1. Arrange the following residues from fewest to most other Cβ atoms within 10 Å of their Cβ: Lys286, Lys94, Lys48, Lys349.
2. If you count, for each residue, the other Cβ atoms within 10 Å and average over each peptide, how do 130-142, 77-89 line up from highest to lowest?
3. How much net charge surrounds Ala293 when only the other residues with a Cβ under 12 Å from the Cβ of Ala293 are counted, with Lys and Arg +1 and Asp and Glu -1?
4. Relative contact order for the chain: what is it in percent, counting Cα pairs under 8 Å that are at least 6 residues apart?
5. Arrange the following residues from fewest to most other Cβ atoms within 10 Å of their Cβ: Asp165, Asp360, Asp296, Asp96.
6. Counting DSSP beta bridges with both partners in the chain, what percentage is antiparallel, nearest 5?
7. Note down the net charge around Asp194, summing +1 for each Lys or Arg and -1 for each Asp or Glu among other residues with Cβ under 14 Å from its Cβ.
8. Taking the alpha carbon gyration tensor of the chain, what are the square roots of 5 times its eigenvalues, largest first, to the nearest whole Å?
Amino acid sequence: MNIESLSAALKTVRTPFYWYDLSLFAATIKACNESSSPYGFHVHYALKANFNDPILDLIAASGMGADCVSGNEVRKAVERGFPSEKIVFAGVGKSDWEMEEALDLNIFAFNCESIEELQVLNELAASKNKVARVAIRINPNVNANTHQYITTGLNENKFGVNTADLEQVISVLRESKNLSFLGLHFHIGSQITDMEVFKSLCIRVNELTAWFEVRNFPVHVLNVGGGLGIDYHEPLKNTIPDFKTYFSIFHKYLEIKPLQQVHFELGRSLVAQCGNLISKVLYIKKGISTNFAIIDAGMTELIRPALYQAWHDISNLTADTSTMKSETTVSEVYDIVGPICESSDLFRKAVELPETRRGDMLIIRSAGAYGQVMTSGYNLRKVAETVYSG
């Protein structure tokens, strides 16, 4: 952690603000590339995790591709230097204009999630005298063992084509002159820390690949999605995920054919640990059984705790860096809450911190993914500033 840079920002930037350690981000990108390149794997960065310009610029310069879930993300990827041939467009609800723009940009592939989407894309491509490369996103019914709101691979989820509909998918592909079948796409969820889940995914991918091959639809690309989690509880100890084990599982258990490409879509695991939310304590409110530390950041700046019951490490920067930090430092337990007029505006309950006072600075760690990109203007809140170091 670049303490000097953060200390300087604390003196000049109004809280709350997002602070990114770009040196850590660069090291994470390097670790990912070094772990995936021996196998010839292709990694696409999921823009939905964080689409700040400096973040995208470092990713594009590393040679990774872009995984997009909206037309604006596709456009943004091109603007920040991602080659069109490294851009994939996923999403369960692509509108006509989004698909038309992606066709005009000649992106690598559309990850299609329904039979009707295939039919619409074929019509749009025909109107432009183009052929769209498609990968079929299949719902493999593999349990990711993660939060229900970020599980995407079960039969009851809205994502992907169910296996019961695959015969109809084959029929549509045969009839669609403006679609070119490229391969298969899977994504079973996010913040997956149980590596056995990915082994189960590989076994299912092998089965479905064989199913298409038997029907004379060779699978050139296997896009296995992303989902690799991070350590929210020990962010300073485990700053970079275990990419080596992650990629080795797919190398070991996927039945990869000659010339077949394997693609990944990683977001959180690349960017989460480099971003932090910095906030000032406004008031300490003594309750009957609870002490509240009311801070100037809220669910408008970081909605994950309210939306997903997400856990973030929280520290008192002022106490940690002051002379009062010692073996005799008094600790208190606080509920860390924001200023928004909602009871769900709660970052964490019962957080043990050194005795905290008005004006102290808190750091909410591991907020680089699905943090700043999900901010809102509720209560007419001012948009938080952004500070980069490294």
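1. Taking fewest neighbouring Cβ atoms as first place, the list is Lys286, Lys349, Lys48, Lys94.
2. Ranked from most to least packed, the peptides come out as 130-142, 77-89.
3. +1
4. Once divided by the residue count of the chain, the mean separation gives 20 percent.
5. Asp96, Asp165, Asp296, Asp360
6. That works out to approximately 35 percent antiparallel.
7. Computed value for this residue: -2.
8. One finds semi-axes of 42, 21, 20 Å for the chain.
Values quoted throughout were computed directly from the atomic coordinates according to the rules given, and no laboratory measurement underlies them. Everything quoted here is computed from the prediction, not taken from an experiment. FYI the Cβ positions are ideal-geometry reconstructions off the backbone, even for glycines, and counts take in every protein chain you see.
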